[in-house]
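The values are calculated or read from the model by the stated rules, or taken from the named source; none is laboratory data. Just so it is clear, the structure is predicted and the values come from calculations on it, not from any experiment. So basically every Cβ, Gly included, is an ideal-geometry build from the backbone, and we count neighbours across all protein chains shown. For the accessible areas, the whole protein counts, side chains as well, though only heavy atoms, and no ligand, DNA or RNA atoms are used. Shrake-Rupley method; radii C 1.70, N 1.55, O 1.52, S 1.80 Å.
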Amino acid sequence: MYTPRRKYILTFLEQNHEGSISELAQKLNVSSMTIRRDIEFLAKQGLVTQIRGGVTLNHGAAFLHSQSLRKTLHINEKYRIAKYCAELIPEGSSIFIDCGSTTNQIAKEILQKKNLTVLTNSLDVAQALSTSKSLKVIMVPGVFSPLTRGFMGQFASDFIKNFTIDFLFLGANGIDIAHGLSSPDYTDAGTKKTLIQHSKKVIVAADHSKLDLNFFIRIAKLDEIDLIVTDKAADAQIIENYRVTGTKVVLV
């Protein structure tokens, strides 16, 4: 269970990469033994690695946080990003909503819209849209990934090639100046590359914690992305660096 204390530990490690047991115990006003139990729980989830006297976040180039964890982080920021993205969609559009905690929120924001054709490879997005009587929902087939709770791979890519998508809303693991949009999962990366090739407008919906990170496989250069929608907690210098390259960034 991701208790508020465990979420704090993960947020602290996202910002500082590693921390000592004594420091975390002091910040949370609990015993070192309690922190050790939290670290053991997070280590079993594959999220952290225990080191002598402390803990470090598993942020290697091929690491991917589970979807269940990502849903619990930066909730208010994701809500604002999703609301802005939903407002971009005119009636009569065809859209694709990617896997991800932020993109899943976009699905919830479009429930009241009409005359949209929505493609998705996300089980959570399809479930969120299942109650709508006014949207046409097309589920993309493929190999199911428990981590992302989505369908991807060559079967998914071949299916996507049959469509022209007006608005593509991509989730992100990392995006930076040098590498653009990247992923720790090569199958996910391949599916996203196909989506970009078959979309008129590519929008990356990512909270500030995904900025200035790069992972195992490059998906797209910045000039292949039409818009990045992120939140106002993003580092000002990082945003300025993106804009210098000509990348459009909106802060919400």
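A few comments on the model shown:
- The modelled label-to-label distance between A178 and F144, using points 7 Å beyond Cα along the C-beta direction, is 3.9 nm.
- Net charge of neighbours whose Cβ lies under 14 Å from the Cβ of K113, counting Lys and Arg as +1 and Asp and Glu as -1: +1
- Directionally averaged projected area (segment 206-252, Cα convex hull): 3.2 nm².
- Sequence-distant aspartates and glutamates (8 or more away, or on other chains) whose Cα lies within less than 14 Å of K248: D176, D223, E224, D226, D231, E240
- Contour excess over end-to-end distance, with Cα ends at T56 and K114 and 0.36 nm allotted per residue: 16.2 nm
- For the chain, hydrophobic long helices are taken as DSSP H runs at least 15 Å long by C-alpha position along their axis with mean Kyte-Doolittle hydropathy of 0.0 or more; none is present.
- Accessible surface area normalised per residue over the chain is 47 Å², counting heavy atoms of protein chains with a 1.4 Å rolling probe.
- Whole-percent carbon and sulfur share, accessible surface of the chain, 1.4 Å: 50 percent
- Estimated FRET transfer efficiency (T245, D166; beta-carbon r; R0 35 Å; 0.05): 0.90
- Computed lengthening from Y8 to Y186, 0.36 nm per intervening residue step minus Cα-Cα distance: 61.1 nm
- Legend: distances between Cα atoms for K136/K193; K78/K200; K114/K161; K114/K221; K133/K200; pairs beyond 29 Å are K114/K221.
- Annotation: amide H-H contacts under 5 Å for L119 (H modelled 1.01 Å from N, sequence separation of 5 or more, or interchain): I95, F96, I97, I138.
- Relative contact order for the chain, counting Cα pairs under 8 Å that sit 6 or more residues apart, in percent: 15 percent
- Distance histogram in 5 Å bins (all Cα pairs of the chain, percent per bin): 1, 6, 14, 17, 18, 16, 12, 8, 5, 2, 1, 0
- Subtracting the Cα-Cα distance of K133 and T49 from their residue separation scaled by 0.36 nm leaves 25.6 nm.
- Across the options F167, N241, N29, the greatest Cα extent toward the positive end of the charge dipole of the chain (unit charges at beta carbon of Lys, Arg, Asp, Glu) belongs to N29.
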